[in-house]
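The values are calculated or read from the model by the stated rules, or taken from the named source; none is laboratory data. These numbers come from a predicted model, not from an experiment. In this analysis, Cβ positions are derived from the backbone assuming ideal geometry, glycine residues included, and neighbour counts consider all displayed protein chains. When the accessible area is computed, the model is the full protein with side chains, heavy atoms only, and any ligands, DNA or RNA have been set aside. Shrake-Rupley method; radii C 1.70, N 1.55, O 1.52, S 1.80 Å.
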Amino acid sequence: MALMQNGSGPCSEAGDSPPGAKRLRPGEPIAEPGNRVTVVLGAQWGDEGKGKVVDLLAQDAELVCRCQGGNNAGHTVVVDSVEYDFHLLPSGVINKNATSFIGNGVVIHLPGLFEEAEKNLRKGKGLEGWESRTVISDRAHIVFDFHQAVDGAQEQQRQEQAGKNLGTTKKGIGPVYASKASRTGLRICDLLADFDEFTKRFRVLANQYKSMYPMLIIDIEGELEKLKIYAERVRPLVKDGVYFMYKALHGPPKRILVEGANATLLDIDFGTYPFVTSSNCTVGGVCTGLGIPPRNVGAVYGVVKAYTTRVGVGAFPTEQNNEIGNLLQTRGREFGVTTGRRRRCGWLDLVLVKYAHMINGFTALALTKLDILDTLQEIKIGVGYKLERKTIPYFPANQEELNKVQVEYVTLPGWNESTESVRSLGKLPENARKYVEFIEDHVGVPVKWIGIGKSRESMIQLF
């Protein structure tokens, strides 16, 4: 960085400067980084209600971005009593004044993208004209139908060999990220370039999978025919993503929102491995998934459900396999948006949330579904983990170790009254306010929003 500041070294050569960049003179301060992006991330195992927070912020945004994951993600947004379900499209797509950007870190199943749009178009007018305000990075990798078939075959193998699977969504996400890492994947730019060359590489990749999974049936010719049609349909939406984001960051002032998919504890590096997704759903994934510098990341909002849920298998220290878990599941209507699977439920785990804060550096929190706790006489919060009767100051990386932790709980009195019609902090029951304050004090991050219902109007903003 010092070389760039004083104008010496190879980075200062005019030919190496990005478009519109100004050479610095010795001692001249570095210019402002341009527009900053606001980021919304899940702080637990997903399903925290990120879609609602994104929808709230997207009303004023001019650009809403997805940076990772695929249609394994599911965000629900309720507007004018119409419930929209998004998987690949950013939730902000229903804002007709904003552009929606699907970044290079997202993996795209083209049939799924257009099916999702058509399904939501049938629900209401929110998605009308979505193609005219959607941009897709040319560097995004493509999920093929055979990736999804491979995902299912791998899950079946795990079940047969180990007696348990990972609980994937079978949307092909793991296999396509594996293709990406092994440098055999195909991207949107490949589909839109030389189709003959694309066809050759597609055949090689498909046949590789057929050799690994002999039971796999792949209609190579049929899928290629469909892809040729999808290529023309998606072509008007595709741009060079790096240049697109550079212009957005360094043009006129612009409100830019980034919508994280999945959540911190599902991150490929920092989640409860191996029961995780295949991308970085923490703040680092914003930079790599959009092609933007870290200094352009502004506020980072962590979304926390007022209790904890998890879909699929894997360690869950505060899980309640009892009437409390059943009550949370029933009142919270806890079913996965993508899979429809019943979510496991338990008390709020602040060890987990603090761990997510260590990684992401949250500016503030959005606390959702507080109203689900309305009927409880008392509420427990997990505040510490013990291993072999010693409190540990970290979140264990190893699954076996995490399965052995004993949770230290604090018990708070419930408020035992409905909060569903509350629209301001002052109208919340005293014990509900104390619950929120306890979370703020323990995590060391302020709560900016409190969610007490499904609709857009049910988010209380504190500051």
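Quick check on region 424-441. Is at least one of its residues at pLDDT below 95, in contact with an Asp or Glu (Cβ under 8 Å, 6 or more places away or on another chain) and assigned to a helix (DSSP H, G or I)? No, there is no match, as no residue in region 424-441 is at pLDDT below 95, in contact with an Asp or Glu (Cβ under 8 Å, 6 or more places away or on another chain) and assigned to a helix (DSSP H, G or I).
Residues considered: N120, N104, N97, N72. Of these, the only one that is of a type outside the set (D, E), open to solvent by 40 Å² or more (accessible area, probe 1.4 Å) and either in contact with a strand residue (DSSP E or B) (Cβ under 7 Å, 6 or more places away or on another chain) or assigned to a loop (DSSP other than H, G, I, E, B) (or both) is N97. The condition of being touching a Phe, Trp or Tyr at 6+ places or on another chain (Cβ under 8 Å) and without any contact (Cβ under 8 Å) to a residue 60 or more places away in the chain does not hold for L110.
Taking region 384-410 as the search range and keeping residues that are of a type in the set (V, I, T) and open to solvent by less than 40 Å² (accessible area, probe 1.4 Å), which one is farthest from E319 (Cα to Cα)? Ranking the qualifying residues of region 384-410, first place goes to I392. From the list E420, E437, the one residue that fits, being open to solvent by 70 Å² or more (accessible area, probe 1.4 Å), within 21 Å of T76 (Cα to Cα) and acidic (D, E), is E420. The set of residues in region 75-87 being open to solvent by 10 Å² or more (accessible area, probe 1.4 Å) and either part of a loop (DSSP other than H, G, I, E, B) or of a type in the set (A, V, I, L, M, F, W, C) (or both) consists of V78, V79, D80, S81, V82, H87.
In summary, helices (runs of 4 or more DSSP H) completely within region 132-234 and bearing 1 or more residues that are loosely packed, with under 13 Cβ neighbours inside 10 Å occur at 145-162, 173-181, 195-212, 220-234.
Checking each residue in region 21-65 for being at pLDDT 95 or above and among the hydrophobic types (A, V, I, L, M, F, W, C) picks out V37, V39, V40, L41, A43, W45, A61, L63, V64, C65. Taking residues in region 308-319 that are within 10 Å of F275 (Cβ to Cβ), and partners anywhere that are in a strand (DSSP E or B), the pairs with Cβ atoms closer than 6 Å and at least 6 places apart or on different chains are R310/R344; F316/R310; F316/R344.
Among residues of region 272-293 being free of Cβ contacts under 8 Å to residues at least 40 places away in the same chain and not in a loop (DSSP other than H, G, I, E, B), the one that is farthest from the chain's Cα centre (by Cα) is C287. When the residues of region 316-341 are filtered to those that are at pLDDT below 95, of a type in the set (D, E, K, R) and closer than 23 Å to I381 by Cα, the one that is nearest to the chain's Cα centre (by Cα) is E334. For region 157-200, filtering for residues that are of a type in the set (D, E) and at pLDDT below 90 leaves 1. Of the set (1) assigned to a loop (DSSP other than H, G, I, E, B); (2) in contact with a Gly (Cβ under 8 Å, 6 or more places away or on another chain); (3) at pLDDT 95 or above, all apply to V313 but (3). For region 336-371, a residue qualifies if it is open to solvent by less than 10 Å² (accessible area, probe 1.4 Å) and β-branched (V, I, T), and the qualifying residues are V353, T368. Could we say that E457 is part of a helix (DSSP H, G or I) and either in contact with a Phe, Trp or Tyr (Cβ under 8 Å, 6 or more places away or on another chain) or open to solvent by 50 Å² or more (accessible area, probe 1.4 Å) (or both) here? It is true that E457 is part of a helix (DSSP H, G or I) and either in contact with a Phe, Trp or Tyr (Cβ under 8 Å, 6 or more places away or on another chain) or open to solvent by 50 Å² or more (accessible area, probe 1.4 Å) (or both). Here Y273 does not fit the description of being buried (at least 20 other Cβ atoms within 10 Å of the Cβ) and aromatic (F, W, Y). Residues that are in contact with a Phe, Trp or Tyr (Cβ under 6 Å, 6 or more places away or on another chain) and open to solvent by 20 Å² or more (accessible area, probe 1.4 Å) occur at least once in region 278-285. Here Y246 fulfils each of the conditions (1) over 23 Å from Q157 (Cα atoms); (2) not in a helix (DSSP H, G or I) apart from (2). Within region 441-453, the set of residues being within 24 Å of A299 (Cα to Cα) and either in contact with a helix residue (DSSP H, G or I) (Cβ under 7 Å, 6 or more places away or on another chain) or touching a residue at least 40 places away in the same chain (Cβ under 8 Å) (or both) comprises H442, V443, G444, V445, P446, V447, K448, W449, I450, G451, I452. For L237, state whether it is in contact with a Phe, Trp or Tyr (Cβ under 8 Å, 6 or more places away or on another chain), in contact (Cβ under 8 Å) with a residue 60 or more places away in the chain and among the hydrophobic types (A, V, I, L, M, F, W, C). Criteria not met by L237.
Criterion applied to L290, L327 was being farther than 23 Å from V445 by Cβ and open to solvent by less than 10 Å² (accessible area, probe 1.4 Å), and the one residue passing it is L290. Among the residues of region 33-67 satisfying the criterion of being among the charged types (D, E, K, R), part of a loop (DSSP other than H, G, I, E, B) and on the phi < 0 side of the Ramachandran plot, which is surrounded by the most Cβ atoms within 10 Å (Cβ to Cβ)? Only one residue tops the list, namely E48.
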